[in-house]
Every structure is written in C-alpha cells, then in structure tokens.
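Encoded as structure tokens, the structure appears first; notes follow it.
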Amino acid sequence: MATQRDRERFSALIRQHAGIVRKVATTYCRDADDRADLAQEILAQLWAAWPRYDEIRPFTTWMYRVALNVAISHVRGVYRGARHFVPLADEHLGIAATPADHEARDELRMLETIIAELDELNRALLLLYLDDRGHREIAEILGIGESNVGTKINRLKQRIRARFASPL
Amino acid sequence: MELDDLKQTLNRLDRRLEEQAALDVSRVRRAARRGLESGLRPLARAQLWLIAIGALTALIGVAAWHGTMERPGGPFVAGIVVHAYGVAMILFGAITRALIAGIDWAGPVLDIQRRLARVRKAHVVAGLTIGMSWCAMWIPAMIAGFYLLFGVDIVAPSPSTWLWMTAGCVAMMAAVWLFHGWARATGRTAIVAAFDRAFTGPHLRRAGAELADTARFDRD
C-alpha cells in the first residue's frame with residue numbers, strides 16, 4: 001500500500017517530468033481525446049510500477065521505459081483494435097504563433113510526416129533523440145547496444161535527409 | 001533539412017500542448033484503476049476462466065472414466081479424452097498467465113514488446129487449438145455427457161459407427177493441416193493467406209508481424 005509520502009513523491013516527480021508523458025503521447029497519438037487517454041494510461045502504469053522503482057536508477061529512464069511500452073502497446077492495440085496514426089491534426093498546426101510563421105509550420109509538418117512514416121520502435125528512437133537523451137540512456141530505455149543506437153540514429157538522419165531533399 | 005533542426009520543433013509543440021492541457025496528476029489513482037482494466041488485466045482474467053472451465057471439463061472426464069473402470073468401453077475412452085482436453089485447457093491458461101506475470105512495464109522496450117507479442121500469440125494459438133479441436137471433441141464430450149446424465153452408453157449398440165465417425169473427423173482435421181503445411185512449404189502464398197484469413201483472422205498475423213518488427217529493429 002502506497003503511503004501519503006510515496007504518493008506525494010510520485011506526484012512531484014511526475015510533475016517535474018510531465019514533458020515525457022506529453023511528448024510520448026504526442027508522438028503516438030494525434031487525436032486530442034486519444035492523446036488524453038494515452039496520457040492517463042501511461043500515468044496509471046507509472047503508478048502501478050512505482051512500488052518496484054529502484055531509486056538508484058535514473059527516474060527519467062524508468063519513466064521513458066514505462067511510457068514507451070504503454071504507448072507502443074496502445075498503438076498496436078494489444079488488447080483492443082489497432083489504432084491508426086493520423087498525421088497533421090489541425091490543432092497542432094496552431095503551434096505557429098501567427099499565420100505568417102511559415103517556418104515553424106513547415107517544420108511541424110515535417111516532424112509529423114517523419115513520425116507518421118516510422119514504425120513504432122523507430123518512432124521511439126526518434127523521440128528519444130529529439131528529446132536530447134544520450135546514447136547510453138537511449139540504449140538502456142530501448143534495450144539495445146550503445147553502438148547500435150549510433151548506427152540507427154545515423155540511418156535515421158540519412159533517411160530524413162533523403163526524404164526532404166525534394167520539397168514536400 | 002537535418003534531424004537536429006526538429007529538436008526545437010518538438011519542444012515548441014510540447015510547450016504549446018502544455019498550455020492547452022496540463023497533465024492531471026491528481027487523478028492518477030482513478031486513472032490507475034481504469035488503465036489497468038484496459039491493459040493486461042482482462043486477458044489475465046480470461047485465463048482464469050479458461051483454467052476454471054478446464055478444471056470442470058477435466059472433472060467431467062474423470063467422472064466418466066472412473067465410473068466405467070470395471071467395464072471399460074466407449075464412455076471410458078471418451079472420459080479419458082475429455083479429461084486430457086480439460087488438462088490442456090488448464091495448461092494453456094496457466095502458460096499464458098505465466099507469460100503475463102513476466103511482463104514488467106518498466107523493462108527495456110524491445111524486451112517488453114517481444115513479450116507482449118508472445119503473450120498475444122500464445123493467447124491466439126490457445127484459442128485456435130481449443131476451438132478447432134471441437135471439430136472432433138464433440139464426439140467424446142457427447143458420449144461422456146450421455147453416460148453421466150442418463151447412465152447410457154451410446155457407443156455400445158454400434159461401436160464401429162462411433163469409431164469411424166471419430167476417425168473421419170480427425171482425418172478431416174489432419175487433411176486440412178497437411179494441406180496448409182504443403183501450401184506453406186511449396187510457397188503457395190495465396191492458399192496460405194486464405195487459410196489464415198479463414199482460421200486465424202488478423203490477430204495471429206499481427207502478433208507475428210510485431211515479433212518480426214521487434215526482431216528486425218534489434219538486428220538491423
């Protein structure tokens with residue numbers, strides 16, 4: 001049974017790293033309702049896994065593992081129907097502060113296009129890289145070798161360069 | 001266009017979403033109950049049902065063969081078959097539950113996704129095996145049922161009829177299985193796909209594809 005102190009500590013850590021839940025939910029769900037569902041599901045599994053969290057390990061690594069596992073299972077529809085990734089929700093395009101902010105809008109469109117074209121595991125790799133996680137942490141989260149992370153990121157970079165060499 | 005250029009885009013998107021909807025951590029316990037319901041718990045509960053029904057089936061089988069031990073006949077053999085079927089159901093349920101119990105969401109992503117795909121595959125294969133075997137299982141089940149409910153040995157008047165009927169059902173299932181194996185071995189993908197559509201639906205194919213995706217990501 002979690003104590004009040006446990007709950008407070010958990011809540012404080014989640015608030016501090018809430019960006020991880022948001023970014024994972026955004027990477028795997030475009031629809032706002034679906035995204036909110038996924039965020040709640042991630043929080044639920046984080047809370048369920050919390051008693052087994054080993055404090056000597058980095059909290060962000062642990063949080064990313066749970067969040068990505070839940071998100072990939074959510075998209076794959078492990079125990080429900082498979083969900084389809086719908087790129088470019090209009091609300092996301094609202095990121096551009098003004099209609100004239102074409103550059104931000106174009107970059108967002110590119111990010112959405114890249115995410116939509118990747119499978120679930122490469123999407124996780126992309127997110128971790130864009131969120132500035134080091135190779136060692138990415139390797140620990142995904143469960144692959146550190147050198148393998150470098151190889152995969154280089155491949156991802158080449159793929160994106162080739163993809164956007166010609167205009168969208 | 002470089003990948004690194006998109007780091008700022010992701011952060012801008014996150015800031016925007018943060019403004020739109022703050023993450024409600026205070027509702028986490030309610031979410032935990034709902035989230036776990038929609039996660040692996042229903043599947044784990046389904047395995048408990050499978051084990052319970054398997055135990056009941058095994059008991060029916062035992063009652064049928066135990067009651068005819070002195071004069072072994074049709075109900076005796078049927079009882080043993082029903083007993084074995086019940087044990088198989090218990091085993092399938094226990095194996096799938098053990099696979100589910102081995103899943104820790106905080107494990108490395110590749111490992112957990114591989115385990116989840118295996119759970120799904122085991123669940124689908126168990127369902128198929130238990131379901132498909134009813135093509136022949138209805139015969140011993142009926143023999144054991146008549147014996148236990150009415151004390152009647154329906155095999156006794158014409159044992160050979162029941163024997164041939166059972167052999168026919170088993171042969172039909174074996175022929176389908178062999179034909180499927182032959183089509184797979186000789187690369188007749190259209191036939192294999194038609195079989196998969198008819199018998200396994202999309203679930204087994206999807207579980208297999210997920211396992212293959214995970215293996216490819218790990219290997220490449």
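FYI, it's all coordinate maths here, none of it is from the lab. As the structure is a computational prediction, the values presented were derived from the model and not from experiment. Reconstructed Cβ throughout: ideal geometry from the backbone, glycine too, with neighbour counts over all protein chains shown.
Annotation: lysines with alpha-carbon distance below 18 angstrom to A:K152 (same-chain offsets under eight excluded): B:K7.
Working note: Debye formula, equal point scatterers on the alpha-carbon atoms of segment A:1-40, no solvent; log10 I(q)/I(0) at q = 0.19, 0.23, 0.28 Å⁻¹ is -0.61, -0.72, -0.84.
For B:K121, no lysines have a Cα closer than 21 Å to its Cα, not counting residues fewer than 8 places off in the same chain.
Over the Cα atoms of segment A:108-158, the radius of gyration divided by the Kirkwood radius equals 0.96; this is the Rg/Rh ratio. Across all Cα atoms of segment B:86-220, the radius of gyration (one decimal) and Dmax (whole number) stand at 20.0, 65 Å. Averaging the sequence gap over all C-alpha pairs within less than 8 Å and six or more residues apart, then dividing by the number of residues, gives chain B a relative contact order of 19 percent. With chain B treated as a Gaussian network of Cα nodes joined by springs under 10 Å, which of B:V119, B:V81, B:V170 yields the largest mean-square fluctuation? For chain B, modelled as a Gaussian network with Cα springs under 10 Å, the answer is B:V170.
As an equivalent ellipsoid, the protein assembly as shown spans semi-axes of 52, 26, 17 angstrom, where each value is the square root of five times an eigenvalue of the C-alpha gyration tensor, largest first. Other residues lying with their Cβ under 12 Å from the Cβ of B:K7 contribute a combined charge of -4, Lys and Arg counting +1, Asp and Glu -1. Hydrophobic long helices, here whole DSSP H runs in chain B with Kyte-Doolittle means of at least 0.5 and Cα atoms spread over 18 Å or more along the helix axis, are found at B:41-66, B:74-101, B:134-150, B:159-185. If you run the Gaussian network model on chain B, springs between alpha carbon atoms under 10 Å, then out of B:F150, B:F195, B:F92 the most flexible one is B:F150.
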